[in-house]
Amino acid sequence: VQLQAFGGGLVQPGGSLRLSCAVSGLNFRTYSMAWYRQAPGKEREFVVQVGWGGGRVSVAESVKGRFTVSRDNAKNTVNLQMNDLKPEDTAVYYCAAGQIKYDSDWHFYADYWGQGTLVTVSS
């Protein structure tokens with residue numbers, strides 16, 4: 001199983017980036033997908049999830065209204081469109097494949113992780 005994230009880079013505050021994650025080695029259509037991020041000196045945190053059919057979307061409050069997730073089951077890819085980026089969005093972004101389960105709310109549980117792509121928001 002391989003999850004290859006790409007699209008990171010340096011962007012100015014207020015700018016946009018689009019991350020993509022190409023998945024191989026599993027039946028992509030049966031997996032939910034998620035993006036996480038880890039800022040320097042901080043723990044990895046959840047960003048967004050999307051169910052296998054494109055539903056069950058959940059977005060972290062810190063990025064709500066700015067980040068949008070989408071998936072293309074024909075191309076085995078999941079994308080993260082990031083707009084109005086802020087310096088606090090600086091982090092390594094990871095994609096993950098797993099399952100969304102209900103336990104008082106819908107939560108994502110990762111089975112596989114990608115290697116991460118660095119996003120730096122700075123002027």
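The values are calculated or read from the model by the stated rules, or taken from the named source; none is laboratory data. A quick note: this is a predicted structure, and the numbers were derived from the prediction, not measured. Neighbour counts are summed over all protein chains in view; Cβ atoms, including those assigned to glycine, are modelled from backbone coordinates with ideal geometry. Calculation scope for accessible area: heavy atoms of the full protein, side chains included, ligands and nucleic acids excluded. Shrake-Rupley method; radii C 1.70, N 1.55, O 1.52, S 1.80 Å.
Pairs are defined by a Cβ separation below 6 Å, a sequence spacing of at least 6 or placement on different chains, a first member in the range 30-46 that is over 12 Å from Ala96 (Cα atoms), and a second member that is of a type in the set (Gly, Ala, Ser); the pairs so defined are Gln38/Ala91; Ala39/Ala91. Of the residues making up the range 90-122, those that are under 12 Å from Val23 (Cβ atoms) and open to solvent by 40 Å² or more (accessible area, probe 1.4 Å) are Asp111, Tyr112, Trp113. Contact map, the range 50-75: first residue aromatic (Phe, Trp, Tyr), second residue in a strand (DSSP E or B), Cβ cut-off under 7 Å, separation 6 or more or different chains; pairs are Trp52/Ser32; Phe67/Val47; Phe67/Val48; Phe67/Val59; Phe67/Leu80; Phe67/Gln81; Phe67/Met82. Residues of the range 41-50 that are part of a loop (DSSP other than H, G, I, E, B) and either surrounded by 11 or more Cβ atoms within 10 Å (Cβ to Cβ) or among the basic types (Lys, Arg) (or both): Lys42, Arg44. Scanning the range 41-66 for residues that are at pLDDT 95 or above and under 24 Å from Gln2 (Cβ atoms) yields Arg44, Glu45, Phe46, Val47, Val48, Gln49, Val50.
Restricting to the range 51-67, name every residue that is buried (at least 18 other Cβ atoms within 10 Å of the Cβ) and closer than 30 Å to Ser123 by Cβ. Those that are buried (at least 18 other Cβ atoms within 10 Å of the Cβ) and closer than 30 Å to Ser123 by Cβ: Val59, Val63, Phe67. Quickly run through the range 9-40 and pick out the residues that are at pLDDT 95 or above, under 24 Å from Lys86 (Cα atoms) and part of a loop (DSSP other than H, G, I, E, B). Listed by number, the residues that qualify are Gln12, Pro13, Gly14, Gly15, Ser16, Ala39.
The range 73-123 holds strands (runs of 3 or more DSSP E) entirely within its bounds, and those carrying 1 or more residues that are more than 28 Å from Thr30 (Cβ to Cβ) map to 91-102, 117-121.
Scanning the range 68-89 for residues that are buried (at least 18 other Cβ atoms within 10 Å of the Cβ), within 22 Å of Gly41 (Cβ to Cβ) and out of contact with any helix residue (DSSP H, G or I) (no Cβ under 8 Å at 6 or more places or on another chain) turns up just one, Leu85.
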